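The block underneath contains the structure these notes are about, expressed in structure tokens.
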Amino acid sequence: MAKKYGILIVNLGSPDKLSVSAVRRFLRRFLSDTRVVNLPRIIWWPILNFVILPFRPFKSAKAYAEIWREQGSPLTVLTQALVDKLQANLDKSYDVKMAMSYSQPDINTQLAYFKQQQYEQLVVLPLYPQYSSTTTASVFDAVTQAVQKWRYVPNIDFISDYYQHPLYIDAIAQTIKQAWKQSPKNELLLLSFHGLPEKLTEWGDPYFNQCHKTAELIAQQLKLPSTQWKIVFQSRFGRAKWLQPYCIETLMALPESGVKSVDIICPGFAVDCLETLEEINMTNKGIFLEAGGEEYRYIEALNDSDEQITLMVDLVTKKVGK
């Protein structure tokens, strides 16, 4: 059977090596995206080049060293594993490729491959369950810029979000239940999402509301009363107001309020990465325990689990009508 459908699975990206210079290259590309940082360039350029890039790569490289795998960064390794397994679960009419927004293999390269193959339909699936202008829209920009000079543009389906897809909600809930089977659940379940500046919501970004909807649906699936779960936002950067409640401040306050044990999961991450494995599972764990907490469990992302693959197959096949 000749292949007909090109499937592009897109994630953020990672440094290609465990070195300060590689981290700096990655951060430069990532933080130069106007979708990611919404400041005027005349303000942001000197901050990026004279404040952030000379110093932050050293700190980030140390963090990456805590989680780096023999094959590379966890995000890259786990995304490729997901793509390989998805390919194995689709019939031969599908050709599934991985692309990264800010590292290799990049979106342009993979789309050029699909163009050469002359597939009749392309499906682009960013691995961001909740839409954000800083992530999903950035992928859309890259795709449209890549194909705008093509003589023939095939049907391109872009999956903007899947934050309330029943298979997604069920997959997260099943992951949590599995953790609770291995050892009893803790007093509070924290559903932690990547933070964004508050002003983006004011400008029309639906991310904040979609995160809340996801969290509510997961809690409903688990039949948790409101006293046993809480939504928080992690990875605040800079002095501006970001989405609240903040993850770190919440973790610091919980022991004093009597909550000494927590489970924490990050439903916005399809695969584990620096932010989940180092920040959430290591740094924030230390903050909670130092504040007087006693039990802290990070529940891993869906990664290449069967439940995640079932979700991805459903998303892709419904787009091509099969």
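For the reader, a short list of remarks on this structure follows.
- Segment 88-197: trypsin sites (Lys or Arg not before Pro) falling in loop per DSSP and having at most 16 other Cβ within 10 Å: Lys92, Lys149, Arg151
- One compactness figure for segment 195-238 is 1.34, namely its Cα radius of gyration divided by 2.2 N^0.38 Å.
- Per residue, segment 1-106 exposes 51 Å² of solvent-accessible protein surface, assessed with a 1.4 angstrom probe and all protein chains in place.
- Spatial separation of Cα centroids for segment 247-322 and segment 140-210, in angstrom: 13
- Computed log₁₀ I(q)/I(0) - Debye formula, equal Cα scatterers, no solvent, segment 131-226, q 0.11, 0.12, 0.14, 0.20 Å⁻¹: -0.48, -0.56, -0.70, -1.04
- In terms of packing, defined here as the mean over residues of other Cβ atoms within 10 angstrom, the peptides 138-145, 288-295 line up highest first as 138-145, 288-295.
- Kirkwood-based shape ratio for segment 1-107, expressed as Rg/Rh from alpha carbons: 1.09
- Computed accessible area, Leu39, all protein chains, 1.4 angstrom probe, square angstrom: 70
- Loop-located trypsin sites (Lys or Arg not before Pro) in segment 207-258 whose Cβ has at most 15 other Cβ within 10 Å (DSSP): Lys223, Arg239, Lys241
- Value of D in µm² per second that Stokes-Einstein yields for segment 179-294, Kirkwood Rh from Cα pairs, at 25 °C (0.890 mPa s): 166
- Å² per residue, accessible surface of segment 166-322 at 1.4 Å: 46
- Whole-Å semi-axes of the ellipsoid equivalent to the chain (Cα gyration tensor, √5λ, descending): 32, 25, 18
- As a fraction of the 1.4 Å probe accessible area of the chain, surface on carbon and sulfur atoms comes out at 52 percent.
- Annotation note: chymotrypsin sites (Phe, Trp or Tyr not before Pro) in segment 233-278 located in DSSP loop regions with a Cβ neighbour count of at most 13 within 10 Å are Phe237.
The values are calculated or read from the model by the stated rules, or taken from the named source; none is laboratory data. For clarity, every value in this text was computed on a predicted model and none was experimentally measured. Neighbour counts run over all protein chains shown; Cβ positions are idealised from the backbone, glycine included. These accessible areas exclude ligands, DNA and RNA; they are computed on the full protein's heavy atoms, side chains included. Shrake-Rupley method; radii C 1.70, N 1.55, O 1.52, S 1.80 Å.
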